[in-house]
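The values are calculated or read from the model by the stated rules, or taken from the named source; none is laboratory data. Since the structure is predicted, the reported quantities are computational estimates derived from the model, not experimental observations. FYI the Cβ positions are ideal-geometry reconstructions off the backbone, even for glycines, and counts take in every protein chain you see. Only protein heavy atoms, including side chains, enter the accessible area calculation; ligands, DNA and RNA are left aside. Shrake-Rupley method; radii C 1.70, N 1.55, O 1.52, S 1.80 Å.
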Amino acid sequence: MSELLPILDSISPGTDFSQSQNFIDDGLLDSFDVVTLVAALEKKLNISIDGADVTPENFKNLETLEAFVRRYRENNGL
Amino acid sequence: MDFKFNNKKVSGVLTVVPKNTVKFLDEIDNYGFSKEKCLNLQEVMGFNERRIVKGDECGSDLALYGMEYLIEKGLLNKEDIGALILITQTPDHFMPPTSSILHGKLGLGKQVLCFDINQGCTGYVYGLLQAFLLLESSCNGKIVLINCDTLSRRACQYDRNIFPIIGDAGAITIIENSEEENEISLNLNTDGSRSDWLKIPAGGFRKPSNDETREIKELADGNRRSEDDFYMNGAGIFTFTQTDVPRSIKQFFETSSIGIDHVDYFMFHQPNRFMLGKLAKKLNVSPDKMPSNVVEKFGNSSSASTPLVICYNLDKKLIKNRFKICIAGFGVGLSWGVTTLEMGPLDFCEWIEK
């Protein structure tokens with residue numbers, strides 16, 4: 001299971017994020033959820049996300065989100 | 001567009017906020033948010049309490065209250081006023097200019113120049129620019145800059161993108177010529193291709209208000225508002241503040257008379273805590289130098305949020321001290337602007353309630 005699923009669950013409890021290909025279009029995340037998700041990712045994964053990277057493309061689905069987090073971890077040497 | 005000025009100074013700032021306080025947690029049923037989501041938003045965005053007017057009170061009523069306060073306290077002499085510039089998106093009427101209405105209510109002299117500018121979150125920089133330009137070509141008196149808005153009256157109470165952040169306020173800034181050296185740099189930008197990102201679609205001449213535009217409708221994203229209400233493309237505006245705005249500010253500091261490392265305070269328009277935190281990080285500025293505490297206490301009051309952040313955070317300090325200040329605004333238009341100047345000691349710097 002992706003380590004991101006519990007973080008997503010903390011933003012929208014009970015929502016099944018594993019099947020959706022587009023969290024925003026499918027109504028699983030709104031713009032406020034994206035902001036709180038960014039804050040949660042920073043806190044729980046100890047990364048600092050550039051505001052310019054908070055785009056719908058990066059928060060589209062589990063795959064894009066995992067790739068996004070991976071890039072930050074690599075850049076931060078984690 | 002870039003500008004340079006000298007021998008100008010801000011000599012006083014006063015902000016008036018409504019006494020009426022509303023709390024985010026009392027409104028959550030309007031938005032359909034869970035309690036947990038609201039608590040998350042409180043922490044991340046700074047949604048807490050806001051000051052909004054009651055009934056049909058206008059921005060000019062807040063400004064009038066502030067002007068009378070300054071005159072009664074002897075902090076401003078009516079005879080010293082050369083011009084009154086009023087920046088608002090919520091005028092009393094389409095016509096006459098709200099500045100003329102205030103001129104009449106205050107009993108100002110016939111030689112006093114009055115005009116309105118329709119501007120929002122960049123309006124403080126626009127107002128300072130107009131004041132500096134007037135002072136450049138006239139020595140007759142002080143410039144009274146008024147920034148006032150009551151956008152809560154044009155925000156749908158069910159619109160979760162707008163209503164939790166909106167606040168009302170009126171601010172008065174006095175600008176005058178000065179003997180002292182004070183090089184001021186200022187830069188303003190516009191991108192009209194994104195002008196529909198912050199908009200009140202109906203109620204003007206393009207689309208007059210009618211029964212249909214007044215009807216509150218549920219939109220595809222579950223949000224609710226009418227076409228007579230204030231609309232914001234929240235995601236687009238967030239990206240704008242994290243790309244265009246910091247890029248311009250960094251470019252501005254390449255030629256500004258004050259280097260970014262020498263700025264004492266960054267007094268920016270106050271959209272929300274998260275956005276300002278990210279902006280501070282992008283500019284490599286300590287959050288201590290860029291206060292983001294206005295939204296949680298007063299709400300976002302458009303162009304008046306910038307003088308409010310100054311009055312709320314530096315009121316006592318600016319009476320006694322002189323600081324290098326960077327002021328920035330960004331929003332409707334889209335427009336964005338930045339200026340650096342030295343401020344203080346001021347004749348007055350405070351916020352009051354009406």
Name the long-range amide H neighbours of B:LYS8: under 5 Å, sequence gap of 5 or more, or other chain; modelled H, no Pro or chain starts. B:SER178, B:ASN182
With every protein chain kept in the model, how would you rank B:LYS320, B:LYS8, B:LYS297 by accessible area, 1.4 Å probe, largest at the top? B:LYS320, B:LYS297, B:LYS8
Expressed in square angstrom to the nearest 10, the accessible area of B:TYR158 with a 1.4 Å probe stands at 70 Å²
Using a Förster distance of 56 angstrom, determine the FRET efficiency expected from the C-beta separation of B:ALA220 and B:GLU179, and round it to 0.05. 0.40
Hey, any idea what % of chain B's accessible area is carbon plus sulfur with a 1.4 Å probe? 47 percent
So what's the back-of-envelope 222 nm ellipticity for chain B, counting only DSSP H runs of four-plus at -39500 (n - 2.57) apiece and dividing by all residues, rounded to 500? -9000 deg cm²/dmol
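I'd like the antiparallel share, as a percent to the nearest 5, of DSSP beta bridges with both residues in chain B.
On the way: 41 of 63 bridges.
Percent antiparallel among DSSP bridges in chain B is about 65.
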Two decimals is fine: what's Rg over Rh for segment A:4-75, C-alpha atoms, Kirkwood radius as Rh? 0.92
Solvent-accessible area of B:MET275 with every protein chain in place, 1.4 Å probe, in Å² to the nearest 10: 20 Å²
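List the GluC sites (Glu not before Pro) within segment B:189-268 that fall in a DSSP loop (any state other than H, G, I, E or B) and whose Cβ has at most 15 other Cβ atoms within 10 Å. Don't jump to the answer; show the numbers that get you there.
Values: sites: B:GLU212, B:GLU215, B:GLU218, B:GLU227, B:GLU254; in loops: B:GLU215, B:GLU227.
Sparse-neighbourhood loop GluC sites (Glu not before Pro): B:GLU215.
Leaving ligands and nucleic acids out of the surface, order B:ASP211, B:ASP347 by accessible area at 1.4 Å, largest first.
Most to least solvent-accessible, the answer reads B:ASP211, B:ASP347.
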Chain B - Debye-derived log10 I(q)/I(0), Cα point model, q = 0.11, 0.12 Å⁻¹: -0.70, -0.83
5 angstrom amide H check on B:CYS114, placed H, neighbours 5+ away: B:LEU84
List, in order, the whole-Hz ³J(HN,Hα) value for each residue of segment B:211-223 obtained from phi through the Karplus relation with A = 6.51, B = -1.76, C = 1.60 and θ = phi - 60°; use x for Gly and Pro. 4, 5, 5, 7, 6, 7, 10, 7, 9, 4, 8, x, 6
At least 30 Å² of accessible area lost relative to the chain alone, listed for segment B:230-266 with a 1.4 Å probe: B:PHE238, B:THR239
Could you work out how far the C-alpha centroid of segment B:233-265 sits from that of segment B:125-149, in angstrom? 23 Å
Taking the simple approach of a point 7 Å from Cα along Cα-to-Cβ for both A:ASP9 and B:ASP211, what is their distance in nm? 5.1 nm
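On average, how much accessible surface per residue is there in segment A:1-71, in Å², for a 1.4 Å probe, leaving out ligands, DNA and RNA?
On the way: 3340 Å² over 71 residues.
Here the per-residue accessible area is 47 Å².
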Please report how far the C-alpha centroid of segment B:56-104 lies from that of segment B:278-354, rounded to the nearest whole angstrom. 21 Å
Per-residue HN-Hα couplings for segment A:50-56, Karplus 6.51 cos²θ - 1.76 cosθ + 1.60 at θ = phi - 60°, whole Hz, x for Gly and Pro? 5, x, 5, 8, 7, 10, x
Under a 1.4 Å probe, counting only protein heavy atoms, B:HIS262 has an accessible area in Å², nearest 10, of 130 Å²
Can you give me the three principal axis dimensions of segment B:135-174 from its C-alpha atoms, in Å, biggest first? 49, 14, 13
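To check you understand DSSP bridge types, tell me what percent of the beta bridges within the protein assembly as shown (both residues inside) are antiparallel, rounded to 5. Intermediate values should be presented prior to the final figure.
Numbers: 41 of 63 bridges.
Of all bridge pairs located within the protein assembly as shown, approximately 65 percent are antiparallel.
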11 Å cut-off, amide nitrogen to a point 7 angstrom out along A:ARG73 Cα→Cβ, residues in segment A:33-63: A:45-46
Helix B:123-137 versus the longest principal axis of chain B: what is the Cα-based angle in degrees, 0 to 90, to the nearest 10? 20 degrees
log10 of Debye I(q)/I(0), alpha-carbon scatterers only, for segment B:1-89 at 0.12, 0.14, 0.20, 0.24 Å⁻¹: -0.65, -0.78, -1.03, -1.24
Residue-wise HN-Hα coupling along segment B:192-203, computed from phi with Karplus coefficients 6.51, -1.76, 1.60 (Hz; x: Gly, Pro): x, 5, 10, 5, 8, 6, 10, 7, 10, x, 10, x
Rg/Rg_ref, the protein assembly as shown, where Rg_ref = 2.2 N^0.38 Å and atoms are Cα: 1.00
Per residue, how much accessible area does chain B show when a 1.4 Å probe rolls over the protein heavy atoms, in square angstrom? 41 Å²
Looking at the square roots a ≥ b ≥ c of the eigenvalues of the Cα gyration tensor of segment B:231-354, which shape do they give, rounded for a/c under 1.5, prolate if a/b is larger than b/c, or oblate? oblate
